[in-house]
Amino acid sequence: MKILKRIFNKPWPYLVGGIILAALNIILFAFSGEPWRITTGFLYWGMGILENLGVDHSKWYYFNVFRNDITNQRAFFNNEYTILNLGLVFGALIAALLASEFKWKRMKNKKQLIFGLIGGVLMGYGSRLSFGCNIGAYFSAVPSFSLHGWVYGIFMFIGAFIGSKLLFKYLL
């Protein structure tokens, strides 16, 4: 009983979490042949929605130059990224529930909502400009000895520092 309480109710050391994430990333790469990516799944979802609304994306520059495999080989809602993203969301939910950390929170004010929406749009746009979020551009790139992962990491930490300063100045 004590071990279960320690696993589910106490925070894990960062080293343990890092080792588990690294092992899962290696297993994913071994079985799928591709590194872990998150925003590519959201790209599929967005294009699937637009496609169902009648938008023709076949002439868009991105899909003709960078991601031709999206339009030719994979269905927008039936792909490995959808499974990974749903697994991530439901896994985080289960972990929060098991640790009794799940809480519904109300927005404090409209300013917080507006800043959250603007930040989400900027993060989504930036993740597509960099061909990935911190998972694909950093977490999967650094173990692959890719220089772009280290460059991304440096600027990610600089951006987080500046963003936290702005957050404390204007929101808190």
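A few points about this structure:
- Matching residues, segment 126-150, being of a type in the set (A, V, I, L, M, F, W, C) and either touching a helix residue (DSSP H, G or I) at 6+ places or on another chain (Cβ under 9 Å) or closer than 10 Å to T39 by Cβ (or both): F131, C133, I135, A137, F139, A141, V142, W150
- Within segment 66-90, no residue that is under 19 Å from G33 (Cβ atoms) sits with its Cβ atom under 6 Å from a residue that is at pLDDT 80 or above and surrounded by fewer than 17 Cβ atoms within 10 Å (Cβ to Cβ) at 6+ positions apart or across chains.
- Filtering segment 129-138 to residues that are surrounded by fewer than 21 Cβ atoms within 10 Å (Cβ to Cβ) and among the hydrophobic types (A, V, I, L, M, F, W, C) leaves L129, F131, I135.
- Residue list for segment 94-103, restricted to those being small (G, A, S) and assigned to a helix (DSSP H, G or I): A95, A96
- The set of residues from segment 91-114 being touching a residue at least 12 places away in the same chain (Cβ under 8 Å) and either within 30 Å of I7 (Cα to Cα) or touching a Leu at 6+ places or on another chain (Cβ under 6 Å) (or both) comprises L98, A99, S100.
- Scanning segment 104-113 for residues that are in a loop (DSSP other than H, G, I, E, B) and either within 21 Å of the chain's Cα centre (by Cα) or over 21 Å from N9 (Cα atoms) (or both) yields a total of 4.
- Check on N109, under 15 Å from R37 (Cα atoms) and either modelled with pLDDT of 80 or more or of a type in the set (S, T, N, Q) (or both): no
- Contact annotation: residue pairs with Cβ atoms under 8 Å, 6 or more positions apart or on different chains, pairing a residue in segment 147-172 that is of a type in the set (G, A, S) with a partner that is in a loop (DSSP other than H, G, I, E, B), are G149/S140; G149/A141.
The values are calculated or read from the model by the stated rules, or taken from the named source; none is laboratory data. A quick note: this is a predicted structure, and the numbers were derived from the prediction, not measured. As a convention, Cβ positions derive from the backbone with ideal geometry for all residues, glycine included, and neighbour counts pool all protein chains shown.
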